[in-house]
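Inspection log for the structure reproduced underneath, given as structure tokens.
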Amino acid sequence: MEDHVSLIKQEMRSLATTYLTDGSMLEYANCFIEHKFTEPMKFGPLTVLHYDMFGGKGKAVYLAASSIELFVLASDILDDLQDQDAPQQPWSRAPLPVALHLAASFMTLSQQAIAACGEEPAIVLRTMEMMNRQLLTAANGQMADILDAVIDEESYFDVVKKKSAALLVLACMTGVMLSGRSWHAGVAEYALELGIAAQIENDRRDLLRWDEKSDFLQRKKTALTLYLLEDLGEKDRWVADYYEGRLPASSIEGRENDFSELCERSGAMLYGAALFNLHFNRFMELLAGVPEAARRSDDILRLVAGRTNQVETPQ
């Protein structure tokens, strides 16, 4: 898989150099792209792996994989700018108009990459139509997240399926369809379950953080925070008061250990682990039901092994 990652990186650099001819724009683009290379790459390699699994031949898939990674990068930039919770990222330190412009440009570059991948025009068109549907699904999920539309567990899973899980479906299905196949319901199902499991694990990690990425400090609603707030005792009412805006951030300074102890005592962390296992086990069951995937299950598992604790789905 490391060879795949290197070839995807090469395509991303080449696309930026070819199409971003303004010197300052290219400088910022290279900075953002190089920063992305410091993180484990999963989406693009999933595209390459599924292309191979379903009989795809040649190197056209690396442009397609770079298309996926460029869109994920654009999504990361926009998400961080919207949430204002990642001040150390290079796009957060860049002037806001520049960061927004680069995010929009990466989205356009993503489309250019898939259009120029070299496969038969009919195959490329079908793949692009699928990609655009998934990207619009993710856009709807992102809007729901921005508007804080999560009010219960049902709405939480609806947002996760539309947002982060939709991008995993996109990555896998791009490889399938670029190989000449049509939409594969089995692949879409297991990719969706993997995306849900990954988001739940991200939420478990972010629940216990005590920095700008903390779901609690950001008053973010997830399945875990909703569970935590459901039945608080009197001594823990400060958590609900903070979440509902009755207490300022200054009033909870120094209470990290109290909050961590509550997360364990309430069963919120155990609940998160149970949710994760439910969806990851379902992913494994569905994976075994797709012959092409079952034959390459070891490769898939090696690729996604770190997904739930090393690589964030766009949140």
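Table: residues versus (1) over 12 Å from the mean Cα position of the chain (by Cα); (2) at negative phi; (3) surrounded by fewer than 22 Cβ atoms within 10 Å (Cβ to Cβ).
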site: Ile146; (1), (2), (3): yes, yes, yes
site: Ala149; (1), (2), (3): yes, yes, yes
site: Ser164; (1), (2), (3): no, yes, no
site: Leu168; (1), (2), (3): no, yes, no
site: Met173; (1), (2), (3): yes, yes, no
site: His184; (1), (2), (3): yes, yes, yes
site: Glu189; (1), (2), (3): yes, yes, yes
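Number of residues in region 42-89 that are under 20 Å from Ser14 (Cβ atoms), in contact (Cβ under 8 Å) with a residue 60 or more places away in the chain and of a type in the set (A, V, I, L, M, F, W, C): the value is 9. The set of residues in region 1-24 that are part of a loop (DSSP other than H, G, I, E, B) and either under 21 Å from the mean Cα position of the chain (by Cα) or within 23 Å of Gly195 (Cβ to Cβ) (or both) contains only Met1. If I filter region 50-108 down to residues being over 18 Å from the mean Cα position of the chain (by Cα) and among the charged types (D, E, K, R), which single residue comes out as farthest from Gln142 (Cα to Cα)? Per the criteria, the residue is Lys57.
Among the residues of region 243-258, the ones that are surrounded by 10 or more Cβ atoms within 10 Å (Cβ to Cβ) and either in contact (Cβ under 8 Å) with a residue 40 or more places away in the chain or outside any helix (DSSP H, G or I) (or both) come to 5 in all. Confirm whether Ala94 is buried (at least 16 other Cβ atoms within 10 Å of the Cβ), more than 27 Å from Ile146 (Cα to Cα) and among the small types (Gly, Ala, Ser). In short, no.
Run down Val61, Val124, Val72 and say which single residue is at pLDDT below 95 and touching a Pro at 6+ places or on another chain (Cβ under 7 Å). The conditions single out Val72. The residue that is farthest from the chain's Cα centre (by Cα), counting only those in region 114-125 that are farther than 17 Å from Leu7 by Cα and surrounded by 18 or more Cβ atoms within 10 Å (Cβ to Cβ), is Glu119.
Is there a residue being among the basic types (Lys, Arg), more than 21 Å from Ala293 (Cβ to Cβ) and touching a residue at least 12 places away in the same chain (Cβ under 8 Å) anywhere in region 90-99? Checked region 90-99: no residue is among the basic types (Lys, Arg), more than 21 Å from Ala293 (Cβ to Cβ) and touching a residue at least 12 places away in the same chain (Cβ under 8 Å). When region 266-286 is examined, which residues are found to be in a helix (DSSP H, G or I) and of a type in the set (Gly, Ala, Ser)? Selection gives Ala268, Gly272, Ala273, Ala274.
The values are calculated or read from the model by the stated rules, or taken from the named source; none is laboratory data. Remember, predicted model here, so these are calculated numbers, not experimental data. Quick reminder, even Gly has a Cβ in these numbers, built from the backbone with ideal geometry, and neighbours come from all protein chains shown.
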